[in-house]
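Undergrad: Following this message is one structure expressed as structure tokens.
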Amino acid sequence: MQAIEALLRRYSPRALKEPAPDDAALALILESATRAPDHGRLRPWRFIVIKSEARAQFGELLADHLRRAKASVSDEACERERLKAFRAPLIVAVAAIVAPDGKIPEIEQTLSAGCAAQNMLHAAFALGFNAVWKTGGAAYDDQVKVALGLESKDALVGFLYMGTDEDGPGSLPRPDWRKFTQEWPPTR
């Protein structure tokens with residue numbers, strides 16, 4: 001698939017199933033992530049791969065976060081949260097290991113990790129898979145970060161759920177780029 005085709009056709013799937021990217025495809029996806037813009041060559045990205053049985057542990061982490069975040073939560077809500085780990089056969093948590101005292105602003109380090117995540121979404125699509133980027137409260141929780149091997153100062157930019165799309169792109173209209181674009185200086 002040509003790069004421009006992947007950029008113009010990629011969409012966020014509603015549901016993902018097996019097969020997930022195999023080890024060779026995942027290596028290409030992760031390598032594409034390291035081509036993200038990186039001011040200062042800090043290489044702030046970290047990728048935590050969650051697959052197979054580890055998804056159950058990740059589900060428990062999500063459910064534990066929900067129990068801590070809400071004073072009163074039903075067993076059904078905890079189970080729904082736990083099952084989020086099974087939205088796809090493979091999950092990659094994408095983080096920025098932020099160096100707060102350097103010359104590169106923290107926002108640029110976080111944006112670099114966001115660009116790495118975007119590269120992975122497009123690489124998965126170009127390889128015949130698909131992926132969706134999710135966050136939620138757990139992505140901003142210090143205990144979740146620590147459980148994933150990060151520090152509280154780090155930015156967990158999201159969870160990329162990867163697999164094979166079940167339904168196709170759906171019928172949502174694509175936005176018209178013209179609605180988001182203006183020339184400068186403005187003409188009168």
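Undergrad: In nanometres, what is the gap between the two model label sites at residue 18 and residue 6, each 7 Å from Cα along Cα-to-Cβ?
TA: 2.5
Undergrad: Can you check what the net charge comes to around residue 175, using other residues whose Cβ is under 15 Å from the Cβ of residue 175 (Lys, Arg +1; Asp, Glu -1)?
TA: Neighbour charge sum, excluding residue 175 itself: +4.
Undergrad: Another question about this same structure. Give a quick list of trypsin sites (Lys or Arg not before Pro) in region 38-145 that DSSP marks as loop, anything other than H, G, I, E or B, with at most 10 other Cβ atoms within 10 Å.
TA: Counting only loop positions with at most 10 other Cβ atoms within 10 Å, the trypsin sites (Lys or Arg not before Pro) in region 38-145 are 103.
Undergrad: Separate question: For Cα Rg over 2.2 N^0.38 Å, which listed value, (i) 0.98; (ii) 4.23; (iii) 1.12, comes from the coordinates shown?
TA: Correct label is (iii).
Undergrad: Further question: Counting only pairs 8 or more places apart or on different chains, how many lysine pairs in the chain have C-alpha atoms closer than 24 Å?
TA: Lysine pairs, 8 or more places apart or on different chains, close enough: 16.
Undergrad: Counting only other residues whose beta carbon sits under 11 Å from that of residue 12, what net charge do I get with K and R as +1, D and E as -1?
TA: +2
Undergrad: What is the percent carbon and sulfur in the accessible area of region 79-136, measuring with a 1.4 Å probe over the protein chains and ignoring ligands?
TA: 58
Undergrad: Pick out, in residue order, every one of the GluC sites (Glu not before Pro) in region 37-85 that is DSSP loop and has at most 11 other C-beta atoms within 10 Å; say none if there are none.
TA: Here the GluC sites (Glu not before Pro) that fit, given the DSSP loop and packing criteria, are 53.
Undergrad: State the Cα centre-to-centre distance between region 51-110 and region 123-188 in whole Å.
TA: 14
Undergrad: Right, next: So for the pair residue 153, residue 60, with labels modelled 7 Å out along Cα→Cβ, what separation do we get in nm?
TA: Label-label distance for residue 153 and residue 60, simple model: 3.0 nm.
The values are calculated or read from the model by the stated rules, or taken from the named source; none is laboratory data. Only a predicted model underlies this, so the values are computations on that prediction, with no experimental measurement involved. Note: ideal-geometry Cβ built from the backbone for every residue, glycine included; neighbour counts use all protein chains shown. Side chains included, ligands, DNA and RNA excluded: accessible areas come from the protein's heavy atoms. Shrake-Rupley method; radii C 1.70, N 1.55, O 1.52, S 1.80 Å.
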